[in-house]
Each structure stands twice: as C-alpha cells, then as structure tokens.
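Below is one structure, written out as structure tokens; comments come after it.
The values are calculated or read from the model by the stated rules, or taken from the named source; none is laboratory data. In this text the structure is predicted, and so the values were computed from the model without any measurement. Here the Cβ positions follow ideal geometry from the backbone for every residue, glycine too, while neighbour counts run over all protein chains shown. Keep in mind that these areas ignore ligands, DNA and RNA; they rest on the heavy atoms of the full protein, side chains included. Shrake-Rupley method; radii C 1.70, N 1.55, O 1.52, S 1.80 Å.
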Amino acid sequence: MDGEGRSSGLAKSAAVKLSEMGERTKQLGTAMKNPHQQRRIILVIVCVALLLDNMLYMVIVPIIPDYLADLESEQAEHVHVVMHPNSSANSTSQDKSNKDNLDVQIGVLFASKAILQLLVNPLSGTFIDRVGYDIPLLIGLSVMFVSTCIFAIGENYATLFVARSLQGLGSAFADTSGIAMIADKYTEESERSTALGIALAFISFGSLVAPPFGGVLYEFAGKKVPFIVLACVCLVDGLMLLTVIKPFSNRTRENMPVGTPIYRLMVDPYIAVVAGALTVCNIPLAFLEPTIANWMETTMHSSQWEMGLTWLPAFFPHVLGVYITVKLAAQRPHLQWFYGALGMVIIGASSCTVPACKTFGQLIAPLCGICFGIALVDTALLPTLAFLVDVRHVSVYGSVYAIADISYSVAYAMGPIVAGQIVHTLGFVQLNLGMGLVNVLYAPALLLLRNVCQMKPSHSERDNLLEEAPQGLYDTIKMEERRTKKKGYSAAGNCLSVDENGFDPFKAQRSLSEESSGPEYT
C-alpha cells in the first residue's frame with residue numbers, strides 16, 4: 001500500500017509539473033502575440049548573444065597566454081633533452097627568442113577573430129538584408145557554440161587559432177543581425193536608443209567581467225570549464241531563439257524590401273562620419289588591452305590580481321554613460337552629435353593621462369574615463385545609423401550595422417598586432433598621446449551630423465500613410481503600397497520633402513528592381 005501511495009503521489013506531482021509547464025508555454029505563446037512582450041523577449045535573446053560573444057572574446061585573455069606558455073616550455077624542454085641530452089649551458093638567448101615568438105603568436109591569435117569578422121561582415125550584411133535577422137542570428141549562435149567547444153578541447157596553437165577564427169565568423173552574423181533586429185523592432189527613436197543602450201550595457205558587462213571570470217575558473221577548475229559554461233549558455237540562447245522566434249516557420253520574405261547595397265551606404269557621408277567615429281573611439285581600448293599589463297608590471301610593479309582587475313571598475317562608468325546618454329537623447333535628440341563629440345574629447349583627455357599614473361588607484365580614473373566616453377559615443381551614434389537609413393535609404397538595417405561592426409573590427413584587428421610594435425618602437429607614452437590626439441581631432445567632424453535630426457520624412461510618412469502600427473522592416477513596402485493611393489505625401493504636415501534629404505527610398509528601390517535580372521525579393 002505504501003508503494004502504491006508513493007507511486008500515485010509521484011504521478012500526481014508529475015502531472016502538476018506538466019500542467020505548470022503547459023501554463024507557462026501558453027503564457028509564453030500569449031506574450032509572443034503581444035508585440036511589446038515579443039520585442040522584450042527578442043531583446044533578451046539578442047542581449048544574451050552579445051554578452052556571450054564579448055565574454056568569449058575576452059575570456060581567453062588570462063587563459064590562452066599562460067596555457068600557450070606552458071605548452072611552449074614543455075616542447076622546448078623536450079627538444080632540448082633530445083637534441084642536447086648532456087648540455088647544461090645557459091640558454092638565455094634561446095628563451096628570449098622563444099618568448100618573442102610566443103608574443104607574436106598570441107597577438108595573431110587575438111587579432112584573428114577581428115580580422116575574419118572584418119572580412120566576412122560585408123557579405124553577412126548583404127545576407128541579412130536578404131533573408132531577415134533571425135536566421136543569421138541562429139547561424140551566428142551555432143558557429144559560436146562550435147567555436148567555444150573547440151576552445152574547450154583544443155590542446156595546440158593550430159586548434160585554438162581555428163576556434164578563434166570561427167568565433168569571428170559567428171560574430172559577423174550574430175552581432176550584426178542582433179543589433180539590426182533591435183533597430184528593426186524598436187522604430188521610435190527614444191525606444192530604439194534605450195534598447196540599444198541596454199544591448200551596449202550587456203556588451204560592456206561581457207567584455208569587462210570575462211577576464212576575472214575566466215581567470216578564476218582557469219585557476220581552480222582548469223582550461224575547459226570556462227568554455228563549457230559559455231557553450232551551455234550559448235546552447236540555451238539558441239534554443240530560446242528556435243522556440244520563441246521560430247526562424248524557419250511563417251516566413252514572409254517575399255514581402256521584404258530590397259535593402260540599399262552596402263557599398264552605397266559606405267559612401268554616404270553621414271554614415272561614413274559615424275563609422276569613422278566608432279573606429280577612432282575604440283582604438284584606445286583596443287590598443288591598451290594588449291599593452292597595459294606589461295606597462296603596469298614594469299612601471300608600477302603591479303601584482304597579478306591588479307593586472308587581472310584593471311578594466312573591471314570601468315564597467316560602472318560605462319553603464320552610467322549609457323544611462324546618461326539615453327536620458328539626454330530622449331530629452332534633446334537633436335544633440336546626439338554633441339554627445340558623441342563630447343565622448344571623444346573625454347576619451348582623448350583620459351588616454352593622454354594614462355602614462356602619468358604611478359599607482360593602480362590612479363590608473364583606474366583614466367580607464368573609467370575612456371569607457372565612459374566610449375559609452376557616450378556608442379549610445380549616441382548607433383541609433384543614428386538606423387535613423388540615417390530610415391530617412392536617406394531603405395529601412396533595412398543589416399548592411400548599415402555590418403558597417404558598424406566593420407568599424408569595431410578595424411580597431412580590434414589592429415590592436416593586438418600594431419600596439420605592441422608602436423610601444424616597442426616609440427614608447428607607451430607616445431602611443432597614448434597619439435590615441436588621445438586622434439580622438440580630440442576627430443570630434444569636430446561630428447558637427448556634420450548636427451542637422452541630421454531635421455530629416456524626418458519616414459516617421460511622418462509612417463504615421464500618415466499607415467493605418468496599422470509600424471512594423472519596422474516592412475514599413476517600406478507598406479508605404480510604397482499606400483503611396484499610389486495618396487498623392488502629395490511629401491507635402492504633408494510637418495514632413496520635409498524627400499529632396500531635402502537627398503534620397504528617395506522608393507525611387508532607389510525601383511531602380512534596384514529594374515537593374516536586377518532576377519526576382520526582386522528573396
């Protein structure tokens with residue numbers, strides 16, 4: 001009787017759990033039917049993907065150099081014993097040569113992710129414009145999962161190099177499609193700035209918390225554990241994407257507009273100015289990450305824990321910068337260019353003061369200033385890219401955020417390779433002064449964006465021409481359909497004429513259709 005009672009009790013508890021799971025599934029389904037809830041869930045999925053990518057980018061910083069140094073020393077001892085079994089001569093010059101070679105290998109390994117990402121982004125941006133945002137995001141997460149697993153099992157330089165390069169391939173799809181998806185779902189400028197600000201906070205958190213996270217787990221649990229943890233989170237995020245967004249069902253690609261080609265976006269002067277600012281403002285961070293530890297060791301005689309926690313305090317001013325910029329942009333959106341320029345000046349001043357620091361406590365202040373300035377620039381200018389596409393091109397965001405990703409990749413591809421050579425040739429002080437000067441000199445270029453906020457035809461047309469709520473990616477098609485029914489739309493209310501913005505998205509889309517020999521939509 002006791003056995004039967006227990007069995008019936010287990011059956012009842014299992015039935016209750018299944019019922020609860022069913023209710024949660026129904027609630028999730030109901031939430032996905034609500035556009036606002038759907039946007040929030042998508043934002044969570046994208047933010048987790050961006051967090052993973054940046055954690056995987058930075059988690060190897062305390063792990064791989066030490067792991068490769070151990071491998072190098074083991075191989076050198078084995079070769080020495082085989083070649084010179086009876087020799088006990090001093091091999092200082094050989095050790096120095098091996099160390100220099102190892103530094104080059106580590107620099108190339110670190111840069112390989114950004115280099116491949118730089119090469120793939122033009123193709124991934126076009127691909128995203130053609131098929132939408134969810135499938136490329138799933139591709140990126142899948143490649144990142146494979147890359148993380150290879151990192152966990154890799155035991156030689158070649159395998160780790162392949163894993164790092166694969167991460168760049170996954171990032172080219174996941175980062176670009178994720179940011180573009182946010183821009184597409186959040187069509188109002190204030191909401192878009194807030195959503196992109198949240199995404200930037202996750203990027204910052206991933207980049208700054210990953211080194212201590214990886215260092216602690218590597219020290220106490222071994223090399224595999226940090227990567228296994230990240231692979232599991234990546235798998236869960238991919239399953240959420242498949243469950244919630246369902247990228248392979250209910251597709252309406254035939255209704256998607258043809259986006260502006262990436263080469264046309266690159267020659268747009270406004271987009272070019274924004275892309276240049278994104279590259280310049282990230283150069284100090286990209287160049288200091290591989291060089292500041294050695295400088296701290298030789299100048300301050302810093303301990304290992306100080307070098308490991310160098311960038312962690314900077315997370316808080318970065319989040320503060322994102323928050324302040326979002327609030328200011330909501331109140332005074334016409335000053336987005338000024339927030340970006342102010343951020344570049346702060347970055348320049350902070351970079352110039354880094355070499356003057358004599359203690360770890362003093363160093364925290366300029367590093368926090370650099371991250372605060374980067375937060376101002378990124379939070380102000382990333383939504384500006386989407387706005388420029390809305391008012392001057394077709395509202396499809398894959399290619400324009402591929403350009404933004406290219407801008408970041410240029411800085412981070414040069415950093416691990418070029419920064420060390422500059423320090424060796426000119427010195428650490430000259431490196432920081434040069435980076436600070438470049439940022440301060442570039443800031444006035446953002447004055448070219450001061451009149452961008454006056455370009456508002458797409459939002460006014462959207463309100464006047466669409467009966468239903470805006471749907472981001474599909475607005476261009478719907479506006480085109482309504483355009484034939486309503487004449488003289490460019491003269492409506494508070495709209496500017498299309499000519500004042502220098503671009504007619506409908507005309508461009510028709511010209512693209514006439515030029516192409518294949519079908520207009522994919």
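Here is how the numbers come out for the structure above:
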item	result
Separation of the V44 and R264 label points, Cα + 7 Å toward Cβ, nm	3.9
The range 104-240: C-alpha gyration tensor shape, a/c 1.5 cut-off, then a/b vs b/c	prolate
Net charge over other residues, Cβ less than 12 angstrom from the Cβ of N121 (K, R count +1; D, E count -1)	-2
Above-threshold pairs, the threshold being 22 Å between Cα atoms, out of K185/K246; K113/K246; K113/K327	K113/K246; K113/K327
Percent carbon-and-sulfur accessible area, the range 356-406, ignoring ligands, DNA and RNA, probe 1.4 Å	69
Candidate residues S303, S193: accessible-area rank, largest first, probe 1.4 Å	S303, S193
Local electrostatic count at I179 - Lys and Arg +1, Asp and Glu -1, tallied over other residues with Cβ under 13 Å	-3
A365-K327 pseudo-label distance in nm [points 7 Å out on the Cα-to-Cβ vector]	2.4
Mean Cβ neighbour count within 10 Å, used as a protection proxy, ranking 323-335, 305-317 highest first	305-317, 323-335
Accessible area per residue in Å² at 1.4 Å probe, computed on the range 107-214	29
